[in-house]
Amino acid sequence: MSETGVSGNAALVRVENLKVWFPIKSGLVLDRHVGDIKAVDDVSLEIERGETLGLVGESGCGKSTIGRAILRLYEPTAGKIVFDGQDISHMSEAQLRPLRRRMQMVFQDPFASLNPRHSVGRIVGEPMRVHGLAGRKQAGKRVRELLEIVGLPVDAASRYPHEFSGGQRQRVGLARSLALNPDFVVCDEPVSALDVSIQAQIVNLLEALQQDFDLTYLFIAHDLAVVRHISDRIAVMYLGKIVEVSPAAELYDNPLHPYTISLLSAVPIPDPQVERERETILLPGDLPSPANPPPACRFHTRCPYVQETRCRQEEPPLRKLADGHWAACHWAEEIKAGKIEPHEVETVFVEPERVPAYEPPPV
Ligand code: SF4
């Protein structure tokens, strides 16, 4: 068993000690390297075949960077990315080409990711043409099949992205990602830009497609409520590190890291009475800068359970605390046993959406 609870053989994707740092340049011609944005800082995880791993954290915590690095859209600074047994960390673009067909991405903003000047038919069929997989006639037939699979009318092929609603555009994005029969799809906040009523439809569609196409997902979200139903396991990220990994149901029933506990305390509960009575843990301050993360436990500047000893002196390793359940907190057992209570916090909780987004530069 690996660090994150999947047997190595079953893993389709394995990430070992991954670092993705972006250099900060200064000087008139930006020729001085004055530091690094440590967007992903020593992360290991595995995704089993057919599994959905939910990856959750505030904007700027590095979760999208991990997704893009796995697809080799960003160069890893250090560490290893293994896809279906092959180390792809340093493969050239030519070596990656046959694998790119097998790894796809669904983006947050379906409108921005679809070319407004191209018809839906051309958008969905383009990957097949780029990879030389189908002639015009075959591609047209496959496009119509894919549009039907994602629940769009066949005449959608001749229409343009602006003629569709947000949910329909995300269906177009899904059809395009399926065009090459991928094994692995990074879903980067695929429902965040959609109305709540539409979110459930797209999540249900993703689940159905996973069954029909034998897909493995990395499902990125800033909201624990969204990933709950679709994920088999969930990894929680804070400031470039994974702080907790667990089977999904276990994480909601028994969160062990203070950051997960506070995120969960903000997830709405459908029962109004339970919602009124439960306590919400408010996190003080903003997410610190990934260019200058706090020493030792990175969460100590905002942790409601922070202790004088260890938290500010030693970095907590990701430890196994139950079957398949890992957390990076020195005091997880004591917090769970109720021996350490959360401190009073005075400042206002910064909701994930309100944290200024950190957009790393393209590599
Ligand atoms: Fe909080 Fe300390 Fe645990 Fe870090 S190690 S999460 S600061 S209690």
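Is it the case, given these coordinates, that Thr65 is within 18 Å of the chain's Cα centre (by Cα), modelled with pLDDT of 95 or more and surrounded by 13 or more Cβ atoms within 10 Å (Cβ to Cβ)?
It is true that Thr65 is within 18 Å of the chain's Cα centre (by Cα), modelled with pLDDT of 95 or more and surrounded by 13 or more Cβ atoms within 10 Å (Cβ to Cβ).
Looking at Ile234, Ile242 in this structure, which one is more than 27 Å from Ile149 (Cβ to Cβ) and either in a helix (DSSP H, G or I) or more than 16 Å from the ligand (Cβ to nearest atom) (or both)?
When all the criteria are applied, what remains is Ile234.
In this structure, is Ala78 closer than 19 Å to Ala221 by Cβ and modelled with pLDDT of 95 or more?
no
Have a look at Gly57, Gly79 and point out the one that is touching a residue at least 40 places away in the same chain (Cβ under 8 Å) and closer than 24 Å to Pro190 by Cα.
Gly57
Somewhere in the stretch 256-265, is a residue within 9 Å of the ligand (Cβ to nearest atom), on the phi < 0 side of the Ramachandran plot and assigned to a loop (DSSP other than H, G, I, E, B)?
yes
Counting just the residues of the stretch 9-37 that are at pLDDT 95 or above and open to solvent by 40 Å² or more (accessible area, probe 1.4 Å), which one comes out nearest to Leu287 (Cα to Cα)?
Top of the filtered list is Trp21.
Out of the stretch 144-163, which residues are in a loop (DSSP other than H, G, I, E, B) and over 14 Å from Arg117 (Cα atoms)?
Selection gives Val150, Gly151, Leu152, Pro153.
I'm trying to understand the selection: among the residues of the stretch 128-141, which are open to solvent by 20 Å² or more (accessible area, probe 1.4 Å) and under 29 Å from the mean Cα position of the chain (by Cα)?
Listed by number, the residues that qualify are Arg129, Val130, His131.
Please name all residue pairs, on different chains or six or more residues apart, with Cβ atoms under 7 Å, provided the first residue is in the stretch 312-335 and is touching a residue at least 60 places away in the same chain (Cβ under 8 Å) and part of a loop (DSSP other than H, G, I, E, B) and the second residue is among the aromatic types (Phe, Trp, Tyr) and more than 11 Å from the ligand (Cβ to nearest atom).
Sorted first by the residue in the stretch 312-335, then by its partner, the pairs are Leu318/Trp326.
Do any residues in the stretch 268-292 that are assigned to a helix (DSSP H, G or I) have Cβ atoms under 8 Å from those of residues that are loosely packed, with under 15 Cβ neighbours inside 10 Å, where the two are at least six apart or on different chains, and which pairs are they?
Close Cβ pairs satisfying both conditions: Glu275/Pro268; Glu275/Ile269.
The values are calculated or read from the model by the stated rules, or taken from the named source; none is laboratory data. These numbers were taken from a predicted model, which means no experiment stands behind them. With ideal geometry, Cβ positions are generated from the backbone for all residues, glycine too; neighbour counts draw on all protein chains shown. Accessible surface is based on the protein model in full, side chains and every heavy atom, while ligands, DNA and RNA are left aside. Shrake-Rupley method; radii C 1.70, N 1.55, O 1.52, S 1.80 Å.
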